[in-house]
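Trainee: Just passing along the structure, written as structure tokens.
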Amino acid sequence: MNHYRPETLEHAPLGRESAYPEHYDAGLLYPIPRAANRAPLGIEEDRLPFVGEDEWHAFEVSWLNARGKPLVAVARFRLPAESPNLIESKSWKLYLNSFNQTRFDSREQVIETLERDLAQAAGAPVAVELFDVDDAVLAVCRLPGECLDELDIEIDDYTPSAEHLEAGEEIVEETLYSHLLKSNCPVTGQPDWGSVLIRYRGPKLDREGLLRYLIGYRQHQDFHEHCVEHIFTDLMARAKPERLLVLARYVRRGGLDISPWRATPGERPPEPLRLARQ
């Protein structure tokens, strides 16, 4: 399958030969403007139709203490949806690897460094937490709600089509989810596997149509964050719910998982939540 390389990634490290970073280097982070992918969805940067975050977990975080002893942690990052930039994932991984042989005086200094560098790349404050690798907060959970995956439906369309989304007149409040989400990296074409949760109050969605729509991302090439925004805007346009939350939890790749969520104001995702594939 052919894949395209967006102009915003012309100089990105992803897909290129890169030397393993030997020392801390904030310059490895590669920001990507969100606006280019939002424009086709009719999203204006100064009037976002949602609130949300991109939640990242990094499972390969290590540094040296002041005496040269290695320390390890699992990091959680929360990047606000209103930030002008997202950060390309391989550059993020290379940046984190640059900590491996770098000495820090304290755990707090590591957090302060991460917050400063990531905020500069994203163009907005980024929340950073470090957990011990056996911290209970990292325990695996299950998605709440009803799973759509057992619906016996025929599929012949593997591109996202909002025409599959239909809603009736009955007003309901429900939470639905599917583990069948798959999209493709817009640079390498590699598969990105994930689960998606939809919580809403409004006209009742046709479940078979919703599942067909979600499966339609199977050959779609885009970043995780923009897939979630695509789903959100299509649901708002087609079903017009009073309240809506779209949350995707993508499978870990290269020691990183990404879990974007977008919602109408006042909605928040369930916490804590980390799935077995993450």
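The values are calculated or read from the model by the stated rules, or taken from the named source; none is laboratory data. It should be emphasised that the depicted structure is a prediction, and the values quoted were computed from it without experimental measurement. FYI the Cβ positions are ideal-geometry reconstructions off the backbone, even for glycines, and counts take in every protein chain you see. All accessible areas refer to the heavy atoms of the entire protein, side chains included, with ligands and DNA or RNA removed. Shrake-Rupley method; radii C 1.70, N 1.55, O 1.52, S 1.80 Å.
Trainee: Across the chain, how many lysine pairs, 8 or more apart or on two chains, come within less than 23 Å at their alpha-carbon atoms?
Mentor: 4
Trainee: Going toward the positive end of the dipole of the chain, with +1 on Lys and Arg Cβ and -1 on Asp and Glu Cβ, which of T159, L180, I258 do you reach last?
Mentor: I258
Trainee: So what are the ³J(HN,Hα) numbers for the stretch 97-103, from phi and the Karplus equation (6.51, -1.76, 1.60; θ = phi - 60°), rounded to whole Hz, Gly and Pro as x?
Mentor: Rounded to whole hertz, the list is 5, 5, 7, 4, 10, 10, 8.
Trainee: Rounded to the nearest 0.05, what FRET efficiency is calculated for A119 and V140 with R0 set to 45 Å and r the Cβ-Cβ distance? All intermediate terms of the calculation are to be shown ahead of the outcome.
Mentor: Numbers: r = 30 Å, r/R0 = 0.67.
The calculated FRET efficiency here is 0.90.
Trainee: Bin by bin, in steps of 5 Å, what percent of the Cα pairs in the stretch 29-74 do you find, going until the bin that has the longest distance?
Mentor: Cα pair-distance distribution for the stretch 29-74, in percent: 5, 14, 14, 16, 11, 10, 10, 8, 7, 4, 1.
Trainee: Using the Cα gyration tensor of the stretch 130-194, with a ≥ b ≥ c the square roots of its eigenvalues, what is the shape: rounded (a/c below 1.5), prolate (a/b larger than b/c) or oblate (neither)?
Mentor: It comes out oblate by the Cα gyration axes.
Trainee: Still on this structure, please answer the following. Calculate, for the chain, the solvent-accessible area per residue in square angstrom, rolling a 1.4 angstrom probe over the heavy atoms of the protein chains.
Mentor: On a per-residue basis, 48 Å².
Trainee: How many nm separate the modelled label positions at R277 and N65, each set 7 Å beyond the Cα in the direction of the Cβ?
Mentor: 3.8
Trainee: Per residue, how much space in cubic angstrom lies within the convex hull of the C-alpha atoms of the stretch 101-242?
Mentor: Looking at the stretch 101-242, the number lands at 173 Å³ per residue.
Trainee: Then there is this: I'd like the distance separating the alpha-carbon centroids of the stretch 223-260 and the stretch 72-135, in whole Å.
Mentor: 22
Trainee: Take each of the peptides 138-151, 70-83, average the number of other beta-carbon atoms within 10 Å over its residues, and list them starting from the highest. Please report the intermediate quantities before stating the final value.
Mentor: On the way: 138-151: 13.1, 70-83: 17.6.
Packing order, densest peptide first, comes out as 70-83, 138-151.
Trainee: Mind computing the radius of gyration and Dmax over the alpha-carbon atoms of the stretch 197-278? Å is fine for both.
Mentor: 13.1, 40
Trainee: Let me ask you something else. Multiply the residue gap between I155 and R253 by 0.36 nm, knock off their C-alpha separation, and tell me the result in nm, one decimal place.
Mentor: In short, 32.5 nm is gained.
Trainee: Rank by packing, highest mean first: peptides 183-190, 62-69, 256-263, with packing defined as the count of other Cβ atoms within 10 Å averaged across residues.
Mentor: 256-263, 183-190, 62-69
Trainee: Mind putting a number on the dipole of the chain about its Cα centre? Charges go on the C-beta only, +1 for Lys and Arg and -1 for Asp and Glu, and I need it in Debye to the nearest 20.
Mentor: 680
Trainee: Hey, another quick one. What is the percent carbon and sulfur in the accessible area of the chain, measuring with a 1.4 Å probe over the protein chains and ignoring ligands? Please report the intermediate quantities before stating the final value.
Mentor: Values: 6410 of 13270 Å².
Of the solvent-accessible surface of the chain, carbon and sulfur hold 48 percent.
Trainee: Moving on. Residues with amide H under 5 Å of T102's amide H, sequence separation 5 or more or different chain, H placed in the peptide plane at 1.01 Å from N; which?
Mentor: When sequence neighbours closer than 5 places are left aside, the close amide H contacts are L64.
Trainee: Still on this model: Just check the chain against the gyration tensor rule for me: Cα atoms, a ≥ b ≥ c as the square roots of the eigenvalues, rounded for a/c under 1.5, and otherwise prolate or oblate depending on whether a/b exceeds b/c.
Mentor: prolate
Trainee: Nearest 10 degrees is fine. How inclined is helix 107-122 to the longest principal axis of the chain, computing both from alpha carbons?
Mentor: Tilt relative to the chain: about 50 degrees.
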